[in-house]
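The values are calculated or read from the model by the stated rules, or taken from the named source; none is laboratory data. Just so you know, these numbers come straight off a predicted model, no measurement behind them. Positions of Cβ are backbone-derived with ideal geometry, glycine not excepted, and every protein chain shown enters the neighbour counts.
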Amino acid sequence: MTDIDDDADLRRELRRLRDHEEIRQLMYRYARGVDRSVEPLLASVYAEDGTDHHGPFDGPGSEFAANLAKSGMTLPDNVGNHHITNILIEVDGDTARAETYFLALHPHTHDGPVRMALMSGRYLDTLIRENGRWGIQRRRVVSDFSLNDVAGEPWTYVVPRPDGFLGGRRADADPSAELFAPRGEET
């Protein structure tokens, strides 16, 4: 191999690694956007015409983001957690496919009082790079396992209180809002 070939191979490998990391970060932004009910963050993961088939919802990603953020803000202080686990990513130029496993704790009121549900599943995404950034073109959500209520008493040692752990909140009320505020706009 000549030096030129080595440089070309290195550039291709760096592009592949960069694409994979950008797609991974997109998945993490999605999880944070859901858990904090931040519509712009949620909407940022979709391509311009991206769609989401998320249970009974099947439509534009921007509409899904708006609905999800709005419904999250109607819940009491119970905050959910989305955990992104295994991610299989295949990139082909400006398109990609990803299967992303997740484990989610979801506060909900679908059948009465606030409950904390548990769901394990996968996001099946086709992605496209538009204007230099990756976005979900089509998402389908697979439910592999769920529980309607993760019952039990809170562990009093970790319950948020002024002399102990911070409590999670939604939107700008969460302690992370200051950490991730645009520079010069700390809350």
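Filter the range 69-103 for residues that are surrounded by 18 or more Cβ atoms within 10 Å (Cβ to Cβ) and either free of Cβ contacts under 8 Å to residues at least 60 places away in the same chain or of a type outside the set (Val, Ile, Thr) (or both) and give the result.
Scanning the range 69-103 gives Ala69, Gly72, Gly80, His82, Ala96, Ala98, Phe102.
Taking the residues in the range 130-148 that are basic (Lys, Arg) and in contact with a helix residue (DSSP H, G or I) (Cβ under 8 Å, 6 or more places away or on another chain) as candidates, determine which candidate is farthest from His20 (Cα to Cα).
Checking each candidate, the answer is Arg139.
Out of all the residues in the range 85-104, which are under 13 Å from the mean Cα position of the chain (by Cα) and aliphatic (A, V, I, L, M)?
The answer is Ile87, Leu103, Ala104.
Working carefully through the options Arg24, Arg16, Arg36, Arg11, find the one that is surrounded by 20 or more Cβ atoms within 10 Å (Cβ to Cβ) and of a type in the set (Lys, Arg).
None of the other options fit; the residue is Arg36.
Going by the structure shown, is Glu185 exposed (fewer than 14 other Cβ atoms within 10 Å of the Cβ), of a type in the set (D, E, K, R), farther than 19 Å from Gln25 by Cβ and modelled with pLDDT of 85 or more?
On the way: exposed (fewer than 14 other Cβ atoms within 10 Å of the Cβ): yes; of a type in the set (D, E, K, R): yes; farther than 19 Å from Gln25 by Cβ: yes; modelled with pLDDT of 85 or more: no.
Answer is no for this residue.
Condition first: under 24 Å from Pro175 (Cβ atoms) and either among the polar types (S, T, N, Q) or free of Cβ contacts under 8 Å to residues at least 60 places away in the same chain (or both). Now tell me which residues in the range 16-29 satisfy that.
Passing the criteria: Gln25, Tyr28, Arg29.
Which pairs have Cβ atoms under 6 Å, sit 6 or more apart or on different chains, and link a residue in the range 38-49 that is closer than 14 Å to Phe180 by Cβ to one that is of a type outside the set (Asp, Glu) and outside any helix (DSSP H, G or I)?
So the pair list comes out empty.
Checking Glu178 against (1) more than 30 Å from Ala98 (Cβ to Cβ); (2) touching a residue at least 12 places away in the same chain (Cβ under 8 Å); (3) not in a loop (DSSP other than H, G, I, E, B), which single condition isn't satisfied?
For Glu178, the failing item is (2).
Considering only residues that are assigned to a strand (DSSP E or B) and among the polar types (S, T, N, Q), look in the range 124-174 and name the one that is farthest from Pro40 (Cα to Cα).
Ser146
Taking interchain pairs and intrachain pairs at least six residues apart, which have beta carbon atoms under 9 angstrom, with the first residue in the range 146-157 and surrounded by fewer than 10 Cβ atoms within 10 Å (Cβ to Cβ) and the second in a loop (DSSP other than H, G, I, E, B)?
Close Cβ pairs satisfying both conditions: Tyr157/Gly164; Tyr157/Phe165.
Just for helices (runs of 4 or more DSSP H) wholly inside the range 1-108: which have at least 1 residues that are at pLDDT 95 or above, out of contact with any Pro (no Cβ under 9 Å at 6 or more places or on another chain) and polar (S, T, N, Q)?
Working: elements: 3-36, 39-43, 61-73.
By residue number, 3-36, 61-73.
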